[in-house]
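One structure below.
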Amino acid sequence: MKKALIIINVTKDESMSLAKEIAAWLTKKGVDHDFLSFDGFVDNTDFKGYDFVVSLGGDGTVLYAARNASKYGLPVFPVNLGEFGFIASVQPEEWQKELKLFLDGKSVFEKRSMLKVEVLRDGKKVYTSLSLNDAVISAERGVSTIMLSVKRNSLPLCRLKADGLILATPTGSTAYSAAAGGPIVSPEVEAFVLTPLNSFSLSSRPLVLSPDSKLEISVEKSRIKGICLTVDGQEPFALAYGDTIAVSLNKKKAQLVAVSAEKFYNALRSKLNWSGVPHA
């Protein structure tokens, strides 16, 4: 490992001081580094030329890092400076121990599935992105139903009149999709989830899709003019009637350092209170 990119979440007061501390430690280990500021909505950046990425922030910072790092197969070392820390599982007091294990080739890795999301307009690709958590199609303003037509592998699946639609990875199944009633999927599972948002039909239920599924979601005319696609809660893109959103599992996965199935289930129990009766 010769060069690291350290992503600093500028909304976290301790992020800058910790970045300097980690940078000094890496320098002593013979690892060069660059800093990159992240404010929650910064444009995607080319991570070419780095060997790994250090993410200093919360889960949102990890999402940004993973979208950009996966293109080059770069591992992400996620230090948690946020409130939740479901994905960013390295705690600030243990970063040195975990980073040493990583540089020594002894760290635990976990590969997480990502979604590839594209928007086609008049037969042309006008938007493309990757998602570690989810892609959400909804009205720009709340309390508004939209019309969507969904195909799976070129065959009709459903037509939805709903507030929107969530496409979530197993990682993202514990986030917005879970809040909307979707199932929690273990991160080891090769699948993704389709979760309608407040569907007008009681028969529209969340659906777990196989890894070979390729979805085509067409935006149909409705009374709503402003319809938006949002990737990982960070990348908004304005949709138009007739647009088709193509969603499938990406071939390359995100590589998260010091993240394990054990930590996922511990977080499920302690942070989402999936532990049963009180004091379980």
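The values are calculated or read from the model by the stated rules, or taken from the named source; none is laboratory data. Model, not experiment: these values are computed from the prediction. A quick note on method: Cβ atoms are made from the backbone with ideal geometry, for glycine too, and the neighbour counts reach across all protein chains shown.
Of the strands (runs of 3 or more DSSP E) entirely within the range 150-236, those holding at least 3 residues that are in the same structural domain as residue 121 (by TED's automatic domain parsing) and within 28 Å of residue 89 (Cβ to Cβ) occupy 164-168, 192-197. Whether a residue is modelled with pLDDT of 95 or more and either surrounded by 15 or more Cβ atoms within 10 Å (Cβ to Cβ) or not acidic (Asp, Glu) (or both) was assessed, and residue 96 passes this test.
Scanning the range 22-77 for residues that are of a type outside the set (D, E, K, R), within 13 Å of residue 88 (Cβ to Cβ) and either out of contact with any helix residue (DSSP H, G or I) (no Cβ under 8 Å at 6 or more places or on another chain) or not assigned by TED's automatic domain parsing to the domain that holds residue 92 (or both) gives 58, 60, 61, 62, 63, 64, 65, 66.
Report yes if some residue within the range 7-19 is touching a Lys or Arg at 6+ places or on another chain (Cβ under 7 Å), in contact (Cβ under 8 Å) with a residue 60 or more places away in the chain and more than 15 Å from residue 95 (Cα to Cα); otherwise report no. Checked the range 7-19: no residue is touching a Lys or Arg at 6+ places or on another chain (Cβ under 7 Å), in contact (Cβ under 8 Å) with a residue 60 or more places away in the chain and more than 15 Å from residue 95 (Cα to Cα). Among the residues making up the range 212-236, those that are in contact with a Phe, Trp or Tyr (Cβ under 8 Å, 6 or more places away or on another chain) and surrounded by fewer than 17 Cβ atoms within 10 Å (Cβ to Cβ) are 220, 221, 228. Do we find that residue 74 is surrounded by 14 or more Cβ atoms within 10 Å (Cβ to Cβ) and either modelled with pLDDT of 95 or more or on the phi > 0 side of the Ramachandran plot (or both) in this structure? When the stated conditions are applied, residue 74 passes them. Applying the criterion of being in contact with a strand residue (DSSP E or B) (Cβ under 7 Å, 6 or more places away or on another chain) and of a type in the set (A, V, I, L, M, F, W, C) to the residues of the range 77-93, the residue that is surrounded by the fewest Cβ atoms within 10 Å (Cβ to Cβ) is 81. Looking only at residues of the range 126-149 that are in a loop (DSSP other than H, G, I, E, B) and over 23 Å from residue 173 (Cβ atoms), we find that the one that is modelled with the highest pLDDT is 145. Note on the range 110-125: residues that are assigned to a loop (DSSP other than H, G, I, E, B) and either buried (at least 17 other Cβ atoms within 10 Å of the Cβ) or touching a Gly at 6+ places or on another chain (Cβ under 8 Å) (or both) amount to 3. Could you please find all residues in the range 198-238 being within 17 Å of the chain's Cα centre (by Cα) and charged (D, E, K, R)? Scanning the range 198-238 gives 232, 235. Residue-level analysis places residue 202 among those that are free of Cβ contacts under 8 Å to residues at least 12 places away in the same chain, under 29 Å from residue 274 (Cβ atoms) and of a type in the set (A, V, I, L, M, F, W, C).
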